[in-house]
Amino acid sequence: MNLNDLLAPIEDDMKAMDAVIRKRLDSEVVLIRTIGDYIVGAGGKRMRPAMLLMVARALGYEGTVHHLLAAVVEFIHTATLLHDDVVDESDMRRGRDTANAVFGNAASVLVGDYLYSRSFEMMVESQSMPAMTVLSAATTVIAEGEVLQLLNVHDPDVSLERYLQVVRYKTAKLFEAAAQVGAIVAGATPEQQEAAAAYGRHIGTAFQLIDDVLDYEGDEDALGKNVGDDLREGKPTLPLIRVMEVGTPAQRFLVQDAILHGDGDFAAVARAVQETDALQYTRAAAVAEADLAREALAAWPVSTYSNSLLELCSFSVGRDR
């Protein structure tokens with residue numbers, strides 16, 4: 001199944017969320033509208049807001065406030081991307097120039113701030129204090145993850161534990177919050193809310209680990225970003241950490257030097273990654289996370305929506321982009 005098939009049960013919800021996004025991106029400040037339109041036009045999987053919508057429906061929700069909160073999740077995610085691309089000095093995302101490459105760093109940072117501000121305004125409008133509590137806490141954790149990742153840059157001694165902490169803070173936390181808010185909106189029990197949070201957390205971790213794999217398996221057209229970007233930025237991802245654990249002395253030195261300086265021989269590092277079990281190891285770790293996500297929903301009522309949530313577990317580890 002492709003992602004469009006999996007999200008078919010919430011197609012109308014996704015359209016309603018998109019309408020909210022377009023409306024809330026409107027501003028009297030022309031540059032905000034321009035960059036907002038550019039971001040929306042870039043597409044993306046929209047997995048985080050889709051997860052919120054799907055969880056709410058799976059637990060029997062029939063209202064519309066989940067459209068507003070799903071848009072909040074997408075705004076938070078987009079704001080982090082705008083800021084990430086400036087920090088990382090990235091010039092390509094989703095197969096096109098990044099906003100900072102087109103409009104400049106200052107505009108990207110400020111529009112990211114606007115999206116954060118707008119998202120908090122919309123949280124208040126939802127009149128759901130529990131949802132606001134989860135989402136506001138998530139933004140703090142995500143910011144902490146950004147700083148933790150910054151501390152790891154150009155450090156070849158980053159451990160598996162330190163790396164996974166960044167993944168859980170920076171990437172998995174918003175998946176977790178989105179799923180939990182979907183359950184909150186549906187009036188779920190505390191047990192169902194915790195199951196939703198665990199599901200999102202494990203899916204988000206699996207998603208990032210597969211991104212790590214694709215950085216060394218994919219081609220630039222499929223990935224929509226420069227293959228090897230993380231290495232060039234000096235980020236020690238799991239495949240590199242694994243090479244440092246099991247590679248030959250020459251392979252370990254190659255990876256260590258590349259992480260330290262960010263300008264190593266990418267082709268040689270890629271060969272080292274592929275000659276060890278680094279990609280298989282990372283993929284296996286992602287599959288284990290997806291299995292935990294699947295287990296978290298074991299007691300949920302069976303429906304088209306819950307089936308799609310379970311299929312997302314397979315999608316998160318089987319994708320090629």
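The values are calculated or read from the model by the stated rules, or taken from the named source; none is laboratory data. Computed from a predicted structure; not experimentally measured. Every residue, glycine as well, gets a Cβ built from its backbone with ideal geometry; the counts of neighbours run over all protein chains shown. What goes into the accessible areas is simple: the full protein's heavy atoms, side chains included, and nothing from ligands, DNA or RNA. Shrake-Rupley method; radii C 1.70, N 1.55, O 1.52, S 1.80 Å.
Count, please, the residues in region 277-321 that happen to be open to solvent by 70 Å² or more (accessible area, probe 1.4 Å), in contact (Cβ under 8 Å) with a residue 24 or more places away in the chain and small (Gly, Ala, Ser).
Residues that pass the stated criteria total 1.
Regarding residue 285, is this residue assigned to a helix (DSSP H, G or I) and at pLDDT below 95?
no
Condition first: open to solvent by less than 10 Å² (accessible area, probe 1.4 Å), among the small types (Gly, Ala, Ser), under 21 Å from the mean Cα position of the chain (by Cα) and modelled with pLDDT under 95. Can you find one or more residues in region 25-45 that meet it?
yes
Could you pull out every one of the helices (runs of 4 or more DSSP H) wholly within region 1-68 that has 2 or more residues that are under 30 Å from residue 191 (Cβ atoms) and of a type outside the set (A, V, I, L, M, F, W, C)? Please lay out each step first, then the result.
Values: elements: 3-6, 11-24, 30-41, 47-58.
It comes to 11-24, 47-58.
Out of region 230-268, which residues are free of Cβ contacts under 8 Å to residues at least 40 places away in the same chain, buried (at least 20 other Cβ atoms within 10 Å of the Cβ) and closer than 22 Å to residue 91 by Cα?
230, 231, 258
Please tell me if residue 170 is outside any helix (DSSP H, G or I), in contact with a helix residue (DSSP H, G or I) (Cβ under 9 Å, 6 or more places away or on another chain) and within 20 Å of residue 285 (Cβ to Cβ).
No, not satisfied.
Restricting to region 144-166, name every residue that is modelled with pLDDT of 95 or more and in contact with a His (Cβ under 9 Å, 6 or more places away or on another chain).
Across region 144-166, there are no qualifying residues.
Evaluate region 143-150: report whether one residue or more is surrounded by fewer than 18 Cβ atoms within 10 Å (Cβ to Cβ) and closer than 25 Å to residue 17 by Cβ.
Yes, region 143-150 contains a residue that is surrounded by fewer than 18 Cβ atoms within 10 Å (Cβ to Cβ) and closer than 25 Å to residue 17 by Cβ.
If you check every pair at least six apart or on different chains, which have Cβ atoms under 9 Å apart with a residue in region 105-119 that is closer than 18 Å to residue 77 by Cβ first and a residue that is open to solvent by less than 10 Å² (accessible area, probe 1.4 Å) and not in a helix (DSSP H, G or I) second?
108/98
Could you tell me whether residue 183 is in contact (Cβ under 8 Å) with a residue 60 or more places away in the chain and under 17 Å from the mean Cα position of the chain (by Cα)? Working first, answer last.
Values: in contact (Cβ under 8 Å) with a residue 60 or more places away in the chain: yes; under 17 Å from the mean Cα position of the chain (by Cα): no.
Criteria not met by residue 183.
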